[in-house]
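Read through the structure below, which is laid out as structure tokens, and then see the notes.
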Amino acid sequence: WYMDLYNTDNGNNSYSDNLGERMVADPVLRNGRIIFVTLLPLDDPCDFGGDSWLMELEAATGGRVGVTPFDLNGDGLFDVKDYVPYGGNATPVSGQKSGVGIMPTPGILKDTDYSHGGVGREFKYFSGSSGNIQQVSESVGTAFTGRQSWREIYDN
């Protein structure tokens, strides 16, 4: 699969208004999701800085995650209050714009506390080109994934 990165500000949906957005950092494959950031340069090629988007999609299909990956309203829960209106329906988002300028691949910390609505969460940390640090709280769903334990077997 692939994803067109074009400007959707103010309801724009034209490829002719592409602002040069690119994916230049390594993606992270985690819990069946692909997590990546994009780079959106400034209009002036001689100027420094720009912006980024944090994206989280289903890795196998490139489609939207079925539940919201982002706690958009900051209440500590991942629910319909974090959805946005789209086509007359409330819809989970697939990306969140940076608040710190250009972001690299995030550092990821997992929270093992499932008391906030029964949903696991992770924290993505970014040091942006603005010199500031941004933390994003994201849902990892309700299932435990990955290795839970292991045992080494010796063959004598």
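The values are calculated or read from the model by the stated rules, or taken from the named source; none is laboratory data. Note that this is a predicted model, so its numbers are computed, not measured. With ideal geometry, Cβ positions are generated from the backbone for all residues, glycine too; neighbour counts draw on all protein chains shown. Heavy atoms of the whole protein, side chains included, go into the accessibility calculation; ligands, DNA and RNA do not. Shrake-Rupley method; radii C 1.70, N 1.55, O 1.52, S 1.80 Å.
Ranking request for peptides 125-136, 61-72: highest mean number of other beta-carbon atoms within 10 Å first, then the rest in descending order.
Descending mean neighbour count gives 61-72, 125-136.
Less than 22 Å apart at the alpha-carbon level, and either on another chain or at least 8 residues along: which lysines does that give for LYS110?
LYS110 reaches LYS97, LYS124.
Would you please state which residues of region 62-97 a label at TRP1 would reach in this model, taking the label point 7 Å out along Cα→Cβ and a backbone N cut-off of under 13 Å?
From region 62-97, the list is 62-67, 94-95.
Could you calculate the FRET efficiency of VAL84 with ASP26 from 1/(1 + (r/R0)^6), where r is the beta carbon distance between them and R0 is 22 Å, rounded to 0.05?
0.20
What part of the accessible area of region 24-134, given as a whole %, is carbon or sulfur when the probe is 1.4 angstrom?
Percent of accessible area from carbon and sulfur atoms in region 24-134: 55.
Leaving ligands and nucleic acids out of the surface, order GLU56, GLU21, GLU152 by accessible area at 1.4 Å, largest first.
So, going from the largest accessible area down, we get GLU152, GLU21, GLU56.
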